1. Run the numbers on the chain and let me know its relative contact order in percent, using alpha-carbon pairs under 8 Å that are six or more apart.
2. Along the positive direction of the dipole of the range 112-199 (beta-carbon charges: Lys, Arg +1; Asp, Glu -1; about the Cα centre), which of 165, 113, 184 reaches farthest?
3. With +1 on the Cβ of every Lys and Arg and -1 on the Cβ of every Asp and Glu, and nothing else charged, how large is the dipole of the range 89-151 about its Cα centre, in debye rounded to the nearest 20?
4. Between [x] 12.9; [y] 14.2; [z] 22.2, which entry matches mean projected area of the Cα convex hull in nm² as derived from the coordinates of this structure?
5. Of 56, 104, 127, which has the largest mean-square fluctuation in a 10 Å C-alpha GNM of the chain?
Amino acid sequence: MTTFMFPSITPASTSFELVTNSKTFRSPLTNSVQTSGRKGSLWKVSMSFKNLHGSERAEMQAFLTKLNGQEHRFYLHDHSFVRRGIGGGTISVRGGGQTGSTLEVDGASFSVTNYLRAGDYVAFNNELHMVTADCDSNGLGYVSISIAPPIRKPTIDNNLVDYDAPVFGVFMLASKSGWTNDTAGLSSFSIEAVEDVLA
């Protein structure tokens, strides 16, 4: 298996969705509902590319073909993402074995208000996460980041954390992806992909 970089072609439209691994249990006696969240939530994306021609058309056709269905993976980012937080510094995981919905990092610029903002992305461990609450760095450059989905694999101490746009996740094709051609030599592409939870 090889992980490729997605072509630098901007889609006409994109749909990102967090597919949660939560379950609902309803009592047949009282009709009360209990919910449970479990590991394994992942990002799903649908992209549409309209009327590509020339080198862009050829590049996209070759890219989809070399993926060979779900054999290979690719790095992909949310094309609409613009970082809102101020950022600064090179941040890394502060402590191995972290799980849950909070990531502790260090190496940030000191004492920055709104270091990261809700809606920003971070990536580490080949996992893509969204920041769910504004966070500040303290006087030592530590930041406590609220994220979703929860961390899938325990963190590795000092592992670099990517927070600057674009922030990439590791994806694979979710279904048949292909293109349609017209007589003018234009092709339109539809691609569905899901985050690889084992990357």
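1. Dividing the mean separation by the residue count of the chain yields 25 percent.
2. Going by the Cα projections, it comes out as 184.
3. Charge dipole of the range 89-151: 20 debye, to the nearest 20.
4. Answer by label: [y].
5. Fluctuation is largest for 56.
Coordinate-derived values only; no laboratory data. Since we're looking at a predicted model, the values are computed, not measured. So basically every Cβ, Gly included, is an ideal-geometry build from the backbone, and we count neighbours across all protein chains shown.
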